[in-house]
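Beneath this line is the structure, given in structure tokens, with notes to follow.
Nothing in this text is a laboratory measurement; each read-out follows from the coordinates by a stated rule. Computed from a prediction, not measured in an experiment: that's the story for all the values here. Please note: Cβ atoms are built from the backbone with ideal geometry, for glycine as well, and neighbour counts cover all protein chains shown.
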Amino acid sequence: NAGVTQTPKFRILKIGQSMTLQCTQDMNHNYMYWYRQDPGMGLKLIYYSVGAGITDKGEVPNGYNVSRSTTEDFPLRLELAAPSQTSVYFCASRSTSGGNTDTQYFGPGTRLTVL
Amino acid sequence: KQEVTQIPAALSVPEGENLVLNCSFTDSAIYNLQWFRQDPGKGLTSLLLIQSSQREQTSGRLNASLDKSSGRSTLYIAASQPGDSATYLCAPTSGTYKYIFGTGTRLKVLA
């Protein structure tokens with residue numbers, strides 16, 4: 001299993017540009033999450049999904065959109081990039097069945113800079 | 001609104017010391033609490049998960065305790081090693097879905 005994969009690893013955007021951060025998991029987990037981590041800070045939840053077709057806002061959803069058309073994929077969309085969105089973005093997934101529920105598995109992150 | 005504080009923010013110790021990392025949270029109605037490790041430039045790795053009904057969990061040299069009523073959790077690291085150097089994050093879960101992370105403790109173990 002590859003676990004949770006994220007693409008791209010790094011990206012530089014100009015103000016006002018749009019992009020999609022990709023996240024895929026191959027563990028058949030129903031819960032998926034997007035977080036952002038600013039320098040020296042903890043992680044803040046942007047959006048989460050409890051299954052295909054179901055998404056909900058986290059702590060800091062403004063400026064972002066998500067969709068969950070399949071169990072495997074949970075892309076994060078930035079429509080009009082702003083410097084305040086410069087951060088490292090982590091995707092995570094969690095199972096709700098089996099012997100290791102509640103543990104979140106994290107991807108390696110996408111480092112985004114908006115100039 | 002759940003707020004999570006981790007003390008100390010940074011810690012530098014010689015190899016072999018026993019360590020205590022602290023995590024406090026304001027809302028005691030948690031589902032569980034998880035401790036993570038983050039290496040520089042990397043994602044998070046789960047270390048220990050304590051369910052709300054449990055008092056502690058152990059894995060190797062790591063022991064995590066939970067006191068829900070006082071809103072505290074501690075991570076105990078025995079006989080620290082340079083390979084333990086990382087940032088340690090705690091995350092209580094409010095409800096079944098949402099994890100709220102602390103700002104972490106940056107640990108450096110000197111050889």
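To keep it simple, each residue is scored yes or no on (1) at positive phi; (2) away from chain B (no Cβ under 14 Å).
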| site | (1), (2) |
| --- | --- |
| A:Ile12 | no, yes |
| A:Gln25 | no, no |
| A:Asn28 | yes, yes |
| A:Gly58 | no, no |
| A:Val88 | no, no |
| A:Cys91 | no, no |
Inspect all residues belonging to segment B:44-52 and state whether any of them is at the interface with chain A (Cβ under 9 Å from one of its Cβ atoms), in contact with a strand residue (DSSP E or B) (Cβ under 7 Å, 6 or more places away or on another chain) and either more than 18 Å from A:Phe90 (Cα to Cα) or touching a residue at least 60 places away in the same chain (Cβ under 8 Å) (or both).
yes
Selection status of B:Gln34, free of Cβ contacts under 8 Å to residues at least 60 places away in the same chain and of a type outside the set (D, E, K, R):
no
Among the residues in segment B:86-98, are any surrounded by fewer than 21 Cβ atoms within 10 Å (Cβ to Cβ), out of contact with any Leu (no Cβ under 9 Å at 6 or more places or on another chain), in contact (Cβ under 8 Å) with a residue 24 or more places away in the chain and farther than 21 Å from A:Leu45 by Cα?
no
Of the residues A:Ser93, A:Ser84, A:Ser67, which single one is under 22 Å from A:Lys14 (Cβ atoms) and either out of contact with any strand residue (DSSP E or B) (no Cβ under 8 Å at 6 or more places or on another chain) or of a type outside the set (Lys, Arg) (or both)?
A:Ser84
Of B:Ser69, B:Ser73, B:Ser65, which residue is farther than 20 Å from B:Leu44 by Cβ and either outside any loop (DSSP other than H, G, I, E, B) or in contact (Cβ under 8 Å) with a residue 60 or more places away in the chain (or both)?
B:Ser65
For segment B:76-100, give me the residue count where each residue is not in a loop (DSSP other than H, G, I, E, B) and not charged (D, E, K, R).
14
Would you please name the residue that is surrounded by the most Cβ atoms within 10 Å (Cβ to Cβ), looking only at residues in segment A:31-69 that are closer than 21 Å to B:Asp39 by Cβ and more than 12 Å from the chain's Cα centre (by Cα)?
A:Gly42
So, restricting to strands (runs of 3 or more DSSP E) that lie completely within segment B:1-44, which ones have at least 1 residues that are surrounded by fewer than 14 Cβ atoms within 10 Å (Cβ to Cβ), among the polar types (S, T, N, Q) and more than 11 Å from the chain's Cα centre (by Cα)?
B:10-14
